[in-house]
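What follows is a short report on a single structure.
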């Protein structure tokens, strides 16, 4: 209904008259005389007005300065970036196209001789197809969403580049504004390190690629190499063809618009938008919603870009694409073994370090968990899909021989108490290279790697590493020192026992070591502590993790739980002149061009014990093996292979924990160290024969199998340094009774007086690691022992002297 023209004119006139009246009223108020109150209000307003103008002026000045700084900073950033682009060389056409089309081969893990251990498994599946095998729906959806100027741009969008540089000033280069061409360059040629140089190269390369290939070729390559999340088997998928098959069960050329929209949205965040979890199951409704929302965004982009009519857009938007997702299907699994898993894990670490160095990632950046996780994922992806060749230190013949040995002789350890597992590591003394290992009885039935992952108390096998070795190194004892094995208690009042025995008397170091008495080791460690010294530097250098060095049972294996490989490394140190070389399995890694990206380099070793200490301990440990007080290993080996028993110098130590929960045997020859543990996975007890008989028999068979596989590896005919010939070792002539030099000594009598005697008797050579050698004989000659223990010992040494009641009877 039309308005009456006359009525409209009257309303307009009325509004104008009202406005004029209001203006006149304001004018009258301004001209009226001011009251005192008005004047005060005006003055107050004036003050506030002045303050406001001053503050505003300051803000404007500083704001202008900051703006200028920002402009100059942005200008500097743009200038620097432009210079990088200018000096970046345009890539050769053949070279860059080769890289674009390079779908890396299968990575492999090899033995030290180059023979294959296994291909490196990759759950990435990809099928490369030609352009005519890809639906135009997908191409349209990708262009509309990722790069709407793709068909007309020259590989880059200048505005987006400048915007990204300015936005990055002061905060690191952002990765926004990339065209599809740039994204392809990043994926196939340059990687995704966040640096100005990489971004500059990306731009130069994208411009070149735009000239070398047609738009359709670039788009096809992108769709063939890009990641698309997971399929219904939980496998990672790359390439549009595999995405179509793994999500919708059809070829890429047959994708409908809604299907194409879903797939085109995946590359931005493949794992998040994928409808499937890692096990191939469909995600929860909440987690699936991200991918479904992304699909609707792509549909809108298609509509906005003119690829869809509004009617089609509304129709496709309302369609539930999730009903087309394939149901979960079982993935084909490939079972590897202990060796594959250990080598793969170490290789991932080496590739991670390589990528960090390649991309010059700072320590500060690595402090960010997201950055670290990103590079860890990159390392795994590169190793799985990059065509790498990983060469290990593993001696194929030796490793095979060790696996055959555990298969044939693992039954020797079984005692009816349940399945007894084992872990063994054979390590080169000079380099720390692992030549072979045994992860368990059978990988198919138990995947726990008992050589590298199982952490257990080492029992008495820790004594040479933590107590005796350091004490000799500190000059607190020599090879003929006398140690107390008199009954002793922990501070809690608990007796320190050894296989039910609460103690005997004084004894030479050799006996304490060979029988593996606990009280002498306890006193040795206490002596170290009382002198104000610590074994922590020794243990830390060798990689042992000990949280509390005040634990009284530490020298007996309490409070320390090494893996077999770690403990083998400790014995490697003793056998290598006291020099620790960290164990390793990966010797080198090459990429698919043959370029070496990692090569193990000898560290030069870390000197933990002196060479003299090493010589003395190996001398003592040779006797411990032949004495056979704790293991029948040597006699078993003599029975199996007499030449191997006599032709190789064997040194070592056993260890047993309470209730026979764990048994250890650590063996060294002049060339290698072989560590071994046996026990139940649930820490339940074994029989009393588990170490002395059962494990001894198994270890003898294992040693024989290693020798049969490679007769040179155990060092037959080679020798440990002889302490009698080693110039680093001090030779002291000492009394057998005290382990110290003969001479005058003041002994304490029962009446409290002292008597000086000229102490003589049988002597022996004691080897010391310090130049001072053995001290002069003294009353407190022993390592450990109470006052009454010493009195009793002196009564036995000097039976003609009246020590009275001070000496207890034994």
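All of the numbers you see were taken from the coordinates with simple rules; none came from a lab. Because the structure is a prediction, the values reported are computed rather than measured. Glycine also receives a Cβ, built like all others from the backbone with ideal geometry; neighbour counts cover every protein chain displayed.
Any idea what the relative contact order of region 596-652 is, in percent, if you count C-alpha pairs under 8 Å spaced at least 6 apart?
Details: 28 pairs, mean separation 19.9, N = 57.
Relative contact order, region 596-652: 35 percent.
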Added length on full extension, which subtracts the Cα-Cα distance from 0.36 nm per residue, residue 415 to residue 680: 94.3 nm
For region 315-415, fraction of C-alpha pairs farther apart than 23 Å, in %: 58
What order do you get for 271, 496 when you list them from fewest to most C-beta neighbours inside 10 Å? 271, 496
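List the relative contact order of region 642-742 as a percent without decimals, with contacts defined as Cα pairs under 8 Å and 6+ residues apart.
Details: 119 pairs, mean separation 25.1, N = 101.
Once divided by the residue count of region 642-742, the mean separation gives 25 percent.
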Taking a ≥ b ≥ c as the square roots of the Cα gyration tensor eigenvalues, with a/c under 1.5 meaning rounded and otherwise prolate when a/b beats b/c, else oblate, which class fits region 377-420? oblate
May I ask for the equivalent-ellipsoid semi-axes of region 730-806, computed as the square root of five times each C-alpha gyration tensor eigenvalue and listed largest first in whole Å? 24, 12, 10
Output the peptides 510-518, 627-635 sorted from most to least packed, where packing is the average of other Cβ atoms within 10 Å over each peptide's residues. 510-518, 627-635
Expected unfolding gain across residue 377-residue 659 under the 0.36 nm per residue rule, minus the alpha-carbon gap, is 97.1 nm
Please compute, over every Cα-Cα pair in region 608-705, the percentage with a separation greater than 22 angstrom. 29
By per-residue mean of other Cβ atoms within 10 Å, what is the highest-first order of 219-230, 542-553, 395-406? 219-230, 395-406, 542-553
What is the Cα centroid distance between region 543-610 and region 612-626, reported in whole angstrom? 20
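To the nearest 0.05, what FRET efficiency results for residue 588 and residue 446 with a Förster distance of 41 Å applied to their C-beta separation?
Numbers: r = 31 Å, r/R0 = 0.76.
So the FRET efficiency works out to roughly 0.85.
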Which order do peptides 643-653, 352-362, 273-283 fall in by mean Cβ count within 10 Å, highest first? 643-653, 273-283, 352-362
Give me the log10 of I(q) over I(0) for region 513-596 at q = 0.12, 0.18 Å⁻¹, as the Debye formula computes it from C-alpha points; what are the numbers? -0.48, -0.90
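Looking at the calculated P(r) for region 355-462, what percent of the C-alpha pair distances fall above 22 Å?
Numbers: 3260 of 5778 pairs.
Tail of P(r) above 22 Å: 56 percent of Cα pairs.
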Quick one: Cα centre-to-centre distance for region 460-519 and region 729-764, in angstrom? 21
